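This report refers to the structure that appears directly beneath it.
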């Protein structure tokens with residue numbers, strides 16, 4: 001019986017020692033950078049923000065150049081005037097976010113959700129918007145020159161006075177979109193591109 005009690009005591013001591021010496025769990029780089037963003041840090045160049053929760057965050061004027069926002073949650077976030085040049089927002093959720101005058105030049109926005117997003121006067125030249133959801137988005141005055149919009153959903157979007165020169169619209173859905181005053185010079189489109197009813201589409205570039 002004494003041996004049994006001794007053995008139990010040894011096990012208890014070892015367990016307590018192991019517990020005391022165990023390292024505390026550390027926050028991921030994404031969590032740390034998300035906290036920085038929420039605290040008002042505007043210099044987030046190259047920041048790892050994968051799957052970060054930035055819902056409703058105030059990121060006006062933030063520098064997110066080359067930031068990794070893959071799968072990030074930015075619904076209702078304010079990104080007015082933010083710099084997202086070369087940023088990766090693949091599969092990000094941005095529904096109802098404000099990206100007025102934001103710079104998204106050459107950003108990777110493949111499969112991102114831009115439902116009802118305000119992209120007025122935003123710069124999306126050269127951006128990859130393949131399969132992006134832009135339904136009901138406001139792209140009035142936006143620069144989409146040479147952007148990749150293949151298979152993107154732009155139904156009910158406003159593209160008034162937007163520059164789509166040289167953009168790839170193959171397979172894109174523009175049904176019920178407002179294309180008043182939009183520049184469609186040299187756009188790439190095909191038989192699968194869906195235009196608004198009654199709209200006379202331009203000659204598609206090869």
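Rule-based calculations on the coordinates, nothing more; no lab input. On a predicted model such as this, the values are computed, not experimentally measured, just so you know. Every residue, glycine among them, receives a Cβ derived from its backbone with ideal geometry; neighbour counts consider all protein chains shown.
Evaluated against (1) more than 23 Å from residue 31 (Cβ to Cβ); (2) surrounded by fewer than 22 Cβ atoms within 10 Å (Cβ to Cβ), residue 124 falls short on exactly one condition, (2). Based on this model, can you work out whether residue 106 counts as closer than 18 Å to residue 134 by Cα, surrounded by fewer than 24 Cβ atoms within 10 Å (Cβ to Cβ) and out of contact with any helix residue (DSSP H, G or I) (no Cβ under 9 Å at 6 or more places or on another chain)? Yes. If you go through the stretch 59-81 and keep only what is part of a strand (DSSP E or B) and within 16 Å of residue 32 (Cβ to Cβ), you end up with just 68.
Here residue 101 meets the list (1) more than 21 Å from residue 52 (Cα to Cα); (2) buried (at least 20 other Cβ atoms within 10 Å of the Cβ) almost entirely, failing just condition (2).
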